[in-house]
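Report on the following structure.
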Amino acid sequence: MMQEIKKNGPIVVSFEPHFDFMYYNGGIYHSVEPSEWIQKNEVKPSWEKVDHSVLCYGWGENEDGKFWLL
């Protein structure tokens, strides 16, 4: 994703946020604890349920961790 954005500009990404996303009003959105972000070595289906599509135009990192700019 980072290479695509750097080479060709913004991309469309889709996701399904948790219910608390409706209360988001700024800053970096976290729906789970950072320790839960680590992907487990589990087989995932080839598709994921999504209900939001947004434009991803960059990324960053601060004291809270890495993030995507949407």
Checklist entry - Stretched out fully, how many nm does the piece from S53 to S14 gain, at 0.36 nm a residue minus the Cα gap? => result 13.6 nm
Checklist entry - Which order do V50, V13 fall in if you start with the one that has the fewest other Cβ atoms within 10 Å? => result V50, V13
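Bear in mind that the values in this text are calculations on the coordinates, not laboratory data. Since the structure is predicted, the reported quantities are computational estimates derived from the model, not experimental observations. For neighbour counting, all protein chains shown are included, and Cβ atoms are generated from backbone atoms with ideal geometry for every residue, glycine included.
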